[in-house]
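Q: Before I ask anything, let me first share the structure, which is written out below as structure tokens.
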Amino acid sequence: MRVSGPTSKTGSSSIDAVDVAADADSVNTSAASQAINGATTNGATMATLESSDPGHLLEQIADRLSDMVLAVGLDGSLYYVSPSVENVIGYSDQVFMRLYNHAMVYSDDQRFVVVQEFVTRQLQQLRQDFAEGYECEPEVLVVNHRDGFRVSLSVQSMPSLDGEGKLEGAICICRDVSTRKQNLEAMALAAKVFENSLTAIYITNAHGKIVQANQAFSRLTGYSLEETVGESPELMDVERYSESYFQSISDSLERKDLWEGEIQHRRKDGQVFPAWVAITVLRDNNRRIINTISYFSDITEKKNSESKIHRLAYFDPLTGLPNRSLFTDRLMQSINRAKRSEGQVALLFLDLDRFKAINDSLGHALGDALLHQVGQRLRDCVRNEDTVARMGGDEFTVILGDLKDRTQAVTTAAHVAEKIRHTLSQPFMIRNREIFTGASIGLAFYPADGSEPKTLLQNADTAMYHAKSAGKNNYQFYTSAMNAKAKERLDMENALHLAVSNMEFELYYQPILSAEDGQPTAVEALVRWVHPEKGVILPGEFIAIAEESGLIKPLGNWVLRQACQQWIKWSESGEAVPRIAVNVSAKQFTDGFIVQTLRDIFSHSAIPPGAIEIELTESALMQDYQFTIEVLEEMKRMGVSISIDDFGTGYSSLNHLKRFPVDNLKVDRSFIEGLPAHEDQRIVQAIVALAKSLNLKVIAEGVETPLQLEFIQSIGCDEVQGFLLSQPMQAQHVSFG
């Protein structure tokens, strides 16, 4: 194909400019003109071309250009396209020309509409401005490549003249600027990201001076760009890193061109903050570092969150003490140290006494406050290097490590256990309430009682249960015999669950007599477990287990209702029993249901309230003074009689005692058993005198010898009860006739 005008005047057609030297941004027509002129006048330059015919030479130049060249007539039709069109947009020159000219006639083909619109505008402008001087600013057009992707073309047009200098059309030179445009867009995007990144970024040159920094850098450090450029990054350094640390960073950059880690940075105001830093390097062709790019972010919140997560994972949120996970880890560490040094480790496992009753009656908020104060007191009882942990609920552990030998271990553990026992026995003041508790403590030692944490913990736990069964508020050392007893206790608890479900119980009744004339005045209901294999089991063997397992509530409720039903049966049969005494456990009392149970009994049975005497221990009454007053007053309004059982074994406040609306004091059998010893005589005399001063009736329980009875009568006790007078008996054997 020849580059010739629409009238095919090949020799007279002239193309004044072809872009052979366009710069990166636009088509340079003057340079193209010079190149063409040189090509048409310099035979040496054109030695490789096929002809000296100017039109033919220009065609050959256009055919060899990488840019796409279009020639159009004044009517807009395309009469020449350079072969480079195939490299630029994927169509051969012949196909492109056919499709282009077809679209001039049929508007359904929109593939090249943006080029056609550009040509139309330029031809119109040429007609208007050709005489005065025509200039075309390059435009960027986006067209679709034959394969579907988009191509950006920088297009510039120039007039096409015939041999007489008359306008006959236009030449359009189209350069593919997609790559450069993409590069420019990428650079613009990178610059935008650099400036608007939330991560601080700064760049240093080969001399280690900062040459650029973004807004986040200024925001995080407080240094403006003017204060930063030209300075060393040392302006943010914290004097806590050694030269070897920075050398390790340099070594990593040398090997991998990358380093990442945590560094402390200093702000302009002197504040130090933790930063997560990433450093990369840029190298020249000789692998010399020309720039270092550093990214960092303030990770203060992240570290605070990590710290919170760590505390949640390893510390009890209520007390601040290590939890079970951290306890296990520290116990393992203590054991490992002891193995290396052939030393000892002591483990204390403690459980609060009466905590469940306190928590149930006074609410979880008060229970939580008590646990918090217990944790504080426990910390005060041990060394800084020892571990106090909360295992859950009201269970705590203490690890005493780095003990040289068995003697030191036993002595130290006993001292700490006694200190804890004494400390926790002191009243807790919570929300203007005086709360009393205590601790049952089990002690086990590495290596004698276990060589790994699980065994050691199990044996300390076993010793703790032994302490509870021994009366609470004491400590016990683990012995192998305890395991057998623990298994026996577990079997007993399992059997007790079944017994409560089947109500394998029977009430026995022990008469209470007048100390003056021996006449029966009441009976006390005493529960017996009728085991299908072991026979009758006394309450001393199962009541403590029932309390710890929570079975005391259904069992106690059954005892109270059964006793009331029996009184009605006696009454209906003509047996006049003045009153029937029923023991109510601390758990029954503090859960608040005793009042409702009594109301239910009185509304559904004929028993008069005055026939019921409720026996409560000192410890039950003293757990929450205000609650106790409210419940006792409600019971008194019903007409129920109230006795303080086992008096003298607890820690009653006389100030509180005088305000309790009670009727009787029952002297604990432990004091009666010691009679006629002088010490016990004085204690019993003091209790009787106290009761008389408060206008309370005194009942002595556990009287088993004539001497004890004689003494009791001599000091003015009102009523007596014991094996000397009558053993507990089944209901059918009770007679008041």
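The values are calculated or read from the model by the stated rules, or taken from the named source; none is laboratory data. All figures in this text were calculated on a predicted structure; none of them were measured in a lab. Cβ placement follows ideal geometry from the backbone for every residue including glycine, while neighbour counts extend to all protein chains displayed.
Q: Please specify each residue of region 228-244 satisfying the condition of being in a helix (DSSP H, G or I), closer than 18 Å to ILE293 by Cα and of a type outside the set (Val, Ile, Thr).
A: Of everything in region 228-244, those that are in a helix (DSSP H, G or I), closer than 18 Å to ILE293 by Cα and of a type outside the set (Val, Ile, Thr) turn out to be PRO233, GLU234, LEU235, MET236.
Q: Assess whether LEU496 counts as being at pLDDT 90 or above, touching a strand residue (DSSP E or B) at 6+ places or on another chain (Cβ under 8 Å), farther than 21 Å from LEU400 by Cβ and buried (at least 18 other Cβ atoms within 10 Å of the Cβ).
A: So LEU496 fits the description; yes.
Q: Separate question: Out of (1) in contact with a Pro (Cβ under 9 Å, 6 or more places away or on another chain); (2) outside the structural domain of LEU70 (by TED's automatic domain parsing), the odd one out for SER154 is which?
A: (2)
Q: For region 321-379, what are the residues that are of a type in the set (Asp, Glu) and either part of a helix (DSSP H, G or I) or not assigned by TED's automatic domain parsing to the domain that holds THR455 (or both)?
A: ASP329, ASP360, ASP368
Q: Can you name the condition, by its number, that ILE358 falls short on among (1) touching a Gly at 6+ places or on another chain (Cβ under 8 Å); (2) modelled with pLDDT of 90 or more; (3) not polar (S, T, N, Q)?
A: The number of the failed condition is (2).
Q: How many residues does region 575-594 contain that are of a type outside the set (Phe, Trp, Tyr), farther than 17 Å from GLN730 by Cα and surrounded by fewer than 17 Cβ atoms within 10 Å (Cβ to Cβ)?
A: Summing the residues that are of a type outside the set (Phe, Trp, Tyr), farther than 17 Å from GLN730 by Cα and surrounded by fewer than 17 Cβ atoms within 10 Å (Cβ to Cβ) in region 575-594 gives 3.
Q: Same structure, new question: Taking region 245-259 as the region of interest, how many residues are surrounded by 13 or more Cβ atoms within 10 Å (Cβ to Cβ) and part of a strand (DSSP E or B)?
A: Of the residues in region 245-259, 1 are surrounded by 13 or more Cβ atoms within 10 Å (Cβ to Cβ) and part of a strand (DSSP E or B).
Q: In addition: Across region 303-333, which residue is surrounded by the fewest Cβ atoms within 10 Å (Cβ to Cβ) among those that are farther than 21 Å from GLN376 by Cα and of a type in the set (A, V, I, L, M)?
A: Going through the qualifying residues, I end up with ILE309.
Q: Follow-up question, since we're still on this one. Does at least one position in region 509-530 carry a residue that is within 30 Å of ALA444 (Cα to Cα), in contact with a helix residue (DSSP H, G or I) (Cβ under 9 Å, 6 or more places away or on another chain), surrounded by 20 or more Cβ atoms within 10 Å (Cβ to Cβ) and modelled with pLDDT of 85 or more?
A: no
Q: Another one. Cβ contacts < 7 Å: first residue assigned by TED's automatic domain parsing to the domain that holds GLU254, restricted to region 278-290; second residue of a type in the set (D, E, K, R), any location; separation 6+ or different chain. Result?
A: The qualifying pairs are ALA278/GLU260; THR280/ASP257; VAL281/ASP257; ILE289/ARG283; ILE290/ARG283; ILE290/ASP284.
Q: For region 138-185, give me the residue count where each residue is in contact (Cβ under 8 Å) with a residue 60 or more places away in the chain and acidic (Asp, Glu).
A: Going through region 138-185 one residue at a time, the tally reaches 4.
Q: Further, regarding this structure: I'm told LEU403 meets every condition in (1) surrounded by fewer than 16 Cβ atoms within 10 Å (Cβ to Cβ); (2) farther than 19 Å from ASN473 by Cβ except one. Can you identify the failing condition by its number?
A: Among (1) surrounded by fewer than 16 Cβ atoms within 10 Å (Cβ to Cβ); (2) farther than 19 Å from ASN473 by Cβ, the lone unmet condition for LEU403 is (1).
Q: Looking for whichever is in contact (Cβ under 8 Å) with a residue 40 or more places away in the chain, at positive phi and small (Gly, Ala, Ser) here; the options are GLY392, GLY363. Which one fits?
A: Criteria check complete, one pass: GLY392.
Q: Same structure, new question: Do we find a residue being closer than 30 Å to VAL88 by Cβ, aliphatic (A, V, I, L, M), buried (at least 21 other Cβ atoms within 10 Å of the Cβ) and modelled with pLDDT of 85 or more anywhere in region 160-172?
A: The answer is yes, given that some residue of region 160-172 is closer than 30 Å to VAL88 by Cβ, aliphatic (A, V, I, L, M), buried (at least 21 other Cβ atoms within 10 Å of the Cβ) and modelled with pLDDT of 85 or more.
Q: For region 203-227, which residues satisfy the criterion of being touching a Ser or Thr at 6+ places or on another chain (Cβ under 8 Å), modelled with pLDDT of 90 or more and either part of a loop (DSSP other than H, G, I, E, B) or not assigned by TED's automatic domain parsing to the domain that holds LEU253 (or both)?
A: LYS209, ASN214, SER224
Q: Here is a further query. When you scan region 500-614 for strands (runs of 3 or more DSSP E) that lie fully inside it, which ones turn up with 2 or more residues that are touching a residue at least 40 places away in the same chain (Cβ under 8 Å) and in the same structural domain as PHE723 (by TED's automatic domain parsing)?
A: Answer list for region 500-614: 505-514, 520-531, 580-583.
Q: Okay, moving on. Could you tell me which residue of region 111-137 is farthest from the chain's Cα centre (by Cα), considering only residues that are loosely packed, with under 14 Cβ neighbours inside 10 Å, farther than 20 Å from ASP176 by Cα and free of Cβ contacts under 8 Å to residues at least 12 places away in the same chain?
A: ALA131
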